[in-house]
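These notes are about the structure you will find just below.
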Amino acid sequence: MQSSISLSSSYASTVSGPRHSFSLCGGSLVPSTLRFCGLRRQAFTSSSINHHCRRRLQHSAAVTAALSNNGTGPTLFDYDLLIIGAGVGGHGAALHAVEKGLKTAIVEGDVVGGTCVNRGCVPSKALLAVSGRMRELRDDHHLKSLGLQVSGAGYDRQAVADHANNLASKIRGNLTNSLKALGVDILTGFGTILGPQKVKVGSSNKVVTAKDIIIATGSVPFVPKGIEVDGKTVITSDHALKLETVPDWVAIVGSGYIGLEFSDVYTALGSEVTFIEALDQLMPGFDPEISKLAQRVLINPRNIDYHTGVFASKITPARDGKPVTIELIDAKTKEQKDTLEVDAALIATGRAPFTQGLGLENIDVVTQRGFVPVDERMRVLDANGNLVPHLYCIGDANGKMMLAHAASAQGISVVEQVTGRDHVLNHLTIPAACFTHPEISMVGLTEPQAREKGEKEGFEISVAKTSFKANTKALAENEGEGLAKLIYRPDTGEILGVHIFGLHAADLIHEASNAIALGTRIQDIKFAVHAHPTLSEVLDELFKSAKVKAQASAPVKEAVAV
């Protein structure tokens with residue numbers, strides 16, 4: 001979940017190696033015997049090499065200046081860029097800003113890393129790593145098919161909790177050190193906007209100014225009305241990640257990403273789970289076909305039952321020897337349906353933006369359900385819909401796409417804009433994943449969304465599918481349960497959406513997301529070569545199974561040096 005930058009430098013010397021020799025060109029090293037494969041010959045003429053050398057020198061000088069001075073100091077402001085919030089989004093924006101030569105500071109009122117690192121995706125992955133191992137060790141049928149014999153698999157709850165906490169601490173330290181190493185000033189305290197380009201930090205009267213400001217304050221767990229959270233028996237994901245207890249029976253309110261992942265953890269550790277979902281089906285945010293398969297694999301065989309189409313209108317924590325009580329009402333009629341008594345309840349009903357106390361009223365900005373209104377370039381809008389100059393908002397605080405890596409991408413996009421390059425982020429290219437066992441991943445549109453778009457815009461939709469049961473690597477692992485689904489336009493070969501359920505789905509999705517981001521058509525990606533035997537061949541077969549009417553793009557005509 002971390003963001004990083006790659007730094008290049010040139011050395012004024014001649015270097016020889018066992019495979020290549022390098023000659024000095026304008027202060028940069030150019031390989032004189034390097035074998036090029038798949039690159040056009042004319043790209044390596046003398047003039048182009050000289051041009052390349054000049055560009056490398058310019059880039060190296062810019063990055064060196066950024067590292068040594070954190071950009072050049074502004075004459076009118078304390079900083080070129082001030083970021084309020086040091087989560088994954090703020091961190092990604094800060095690193096990119098330094099690479100661009102901006103004098104940068106980041107304001108953090110809590111701890112570096114934000115929700116993702118400290119109370120979200122990072123510690124939850126530690127718990128899910130444990131749940132995955134436990135499932136393998138306790139699946140006698142699976143182990144027997146591999147010729148393995150294991151008995152008496154158990155776990156130490158406190159050691160599992162420590163693993164999650166230690167991972168969060170390590171990643172938090174890495175993020176902090178990366179900011180300090182690049183010269184980013186970390187200002188401790190809650191940031192309050194006093195006016196245009198002006199922020200107060202903490203409870204003191206310290207005021208800093210910046211040419212541009214990014215709000216990146218993230219989100220907190222959303223708790224509906226009528227639910228009393230005590231942090232012990234009625235908990236949010238913040239509490240659950242500490243794993244202070246493993247209840248015998250836990251109700252999970254909400255069956256989205258958070259609820260599904262915790263159901264995976266709790267059932268692997270021996271809990272019985274009951275889902276409470278307001279909509280008529282479980283996993284409502286996923287492609288319906290994927291949801292159906294995931295329910296058959298992730299829900300039905302496990303110690304999980306569920307109630308759909310109901311609200312938890314009131315939840316009372318356990319006290320005085322009485323269990324947690326949950327009152328259920330019909331989501332449509334609001335009539336009383338049932339009352340559950342469980343050992344614990346986890347509230348996984350999503351997240352709410354953390355934007356209170358930011359001083360938005362000082363710049364005439366009115367939030368919408370707590371979210372800061374922005375345009376497609378993350379520029380903040382005031383109460384009249386006008387742009388607030390030099391103010392941006394990224395990540396969960398704007399509500400466009402509440403994912404850590406989306407926040408980072410938005411932050412990088414903003415930095416591109418403030419340094420003179422217009423950039424609009426296409427959120428349909430951003431992948432998402434649910435780290436259950438097996439995993440679920442997706443990018444782009446679901447099939448219903450794509451068909452609705454096709455009807456409105458007048459084009460045909462086609463769907464291709466492939467099974468993990470046809471993949472050699474998956475079968476070698478005895479993990480053939482899975483499906484990959486491609487939604488596309490047969491007339492143009494445009495990829496509209498890809499959805500995967502299966503082994504390492506979260507890793508596999510990026511070939512599809514990058515193809516969408518780069519505008520790669522199916523008729524072209526069909527020629528990509530995948531190593532055999534690998535799980536990546538699931539995507540290879542998926543793209544090759546698509547029936548596209550358009551012809552492939554013309555290949556490069558020039559000879560290729562090998």
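The values are calculated or read from the model by the stated rules, or taken from the named source; none is laboratory data. As the structure is a prediction and not an experimental result, all values here were calculated from the model. Because the Cβ atoms are built from the backbone with ideal geometry, glycine has one as well, and the counts that use them run over all protein chains shown. Accessible surface is based on the protein model in full, side chains and every heavy atom, while ligands, DNA and RNA are left aside. Shrake-Rupley method; radii C 1.70, N 1.55, O 1.52, S 1.80 Å.
Scanning region 397-413 for residues that are open to solvent by 20 Å² or more (accessible area, probe 1.4 Å), part of a helix (DSSP H, G or I) and either on the phi > 0 side of the Ramachandran plot or of a type outside the set (A, V, I, L, M) (or both) yields a count of 1.
Among the candidates Gly502, Gly482, Gly493, which residue alone is more than 18 Å from Leu293 (Cβ to Cβ), open to solvent by less than 60 Å² (accessible area, probe 1.4 Å) and at pLDDT 95 or above?
Details: Gly502 fails: more than 18 Å from Leu293 (Cβ to Cβ); Gly482 fails: more than 18 Å from Leu293 (Cβ to Cβ).
Going through Gly502, Gly482, Gly493 in turn, just one is more than 18 Å from Leu293 (Cβ to Cβ), open to solvent by less than 60 Å² (accessible area, probe 1.4 Å) and at pLDDT 95 or above: Gly493.
Number of residues in region 371-396 that are open to solvent by less than 30 Å² (accessible area, probe 1.4 Å), closer than 20 Å to His91 by Cα and out of contact with any Cys (no Cβ under 9 Å at 6 or more places or on another chain): the value is 6.
Among the conditions (1) surrounded by fewer than 23 Cβ atoms within 10 Å (Cβ to Cβ); (2) part of a strand (DSSP E or B); (3) touching a Gly at 6+ places or on another chain (Cβ under 8 Å), the only one that Thr274 does not satisfy is (3). Filter region 329-347 for residues that are over 12 Å from Val234 (Cβ atoms) and in contact with a strand residue (DSSP E or B) (Cβ under 7 Å, 6 or more places away or on another chain) and give the result. Selection gives Ile329, Asp330, Ala331, Glu335, Gln336, Lys337, Asp338, Thr339, Leu340, Glu341. The C-beta contact set for region 135-152 (first residue in a loop (DSSP other than H, G, I, E, B), second residue surrounded by 12 or more Cβ atoms within 10 Å (Cβ to Cβ) and of a type in the set (Lys, Arg), distance under 9 angstrom, 6+ apart or interchain) comprises Val150/Arg138. The set of residues in region 193-229 that are under 22 Å from Gly113 (Cα atoms), more than 26 Å from the chain's Cα centre (by Cα), open to solvent by 30 Å² or more (accessible area, probe 1.4 Å) and at pLDDT 95 or above contains only Lys200.
If you go through region 481-506 and keep only what is charged (D, E, K, R), touching a residue at least 60 places away in the same chain (Cβ under 8 Å) and not in a strand (DSSP E or B), you end up with just Glu481. Can you list residue pairs whose Cβ atoms sit under 6 Å apart, with the first residue in region 445-464 being closer than 12 Å to Glu494 by Cα and outside any helix (DSSP H, G or I) and the second being open to solvent by 70 Å² or more (accessible area, probe 1.4 Å) and among the aliphatic types (A, V, I, L, M)? Count only pairs 6 or more apart in sequence or on different chains. Listed pairs, sorted by first residue: none to list. Among the residues of region 301-321, those that are open to solvent by 90 Å² or more (accessible area, probe 1.4 Å) and of a type outside the set (D, E, K, R) comprise Pro301, Asn303, Tyr306. Taken over region 362-419, the criterion of being touching a Ser or Thr at 6+ places or on another chain (Cβ under 9 Å) and among the basic types (Lys, Arg) is satisfied by Arg377 alone. In the condition set (1) of a type outside the set (Gly, Ala, Ser); (2) assigned to a helix (DSSP H, G or I); (3) out of contact with any Pro (no Cβ under 8 Å at 6 or more places or on another chain); (4) open to solvent by 10 Å² or more (accessible area, probe 1.4 Å), Leu179 is compliant with all but (4). Can you find a residue in region 235-243 that is surrounded by 13 or more Cβ atoms within 10 Å (Cβ to Cβ), β-branched (Val, Ile, Thr) and under 30 Å from Phe275 (Cβ atoms)? Checked against the condition, which is being surrounded by 13 or more Cβ atoms within 10 Å (Cβ to Cβ), β-branched (Val, Ile, Thr) and under 30 Å from Phe275 (Cβ atoms), region 235-243 yields at least one hit. Taking (1) under 26 Å from Leu391 (Cα atoms); (2) surrounded by fewer than 17 Cβ atoms within 10 Å (Cβ to Cβ); (3) in contact with a Leu (Cβ under 6 Å, 6 or more places away or on another chain) in turn, Thr188 satisfies each apart from (3).
Between Ile213, Ile186, the distinction of being under 25 Å from Lys100 (Cβ atoms), in contact with a helix residue (DSSP H, G or I) (Cβ under 7 Å, 6 or more places away or on another chain) and of a type outside the set (Gly, Ala, Ser) belongs to Ile186 only.
Does Ala450 meet the test of being under 23 Å from the mean Cα position of the chain (by Cα) and surrounded by fewer than 22 Cβ atoms within 10 Å (Cβ to Cβ)? Break it down stepwise before answering.
On the way: under 23 Å from the mean Cα position of the chain (by Cα): yes; surrounded by fewer than 22 Cβ atoms within 10 Å (Cβ to Cβ): yes.
In short, yes.
Restricting region 322-350 to residues that are under 31 Å from the mean Cα position of the chain (by Cα) and part of a loop (DSSP other than H, G, I, E, B) leaves a set whose member that is surrounded by the most Cβ atoms within 10 Å (Cβ to Cβ) is Ala348.
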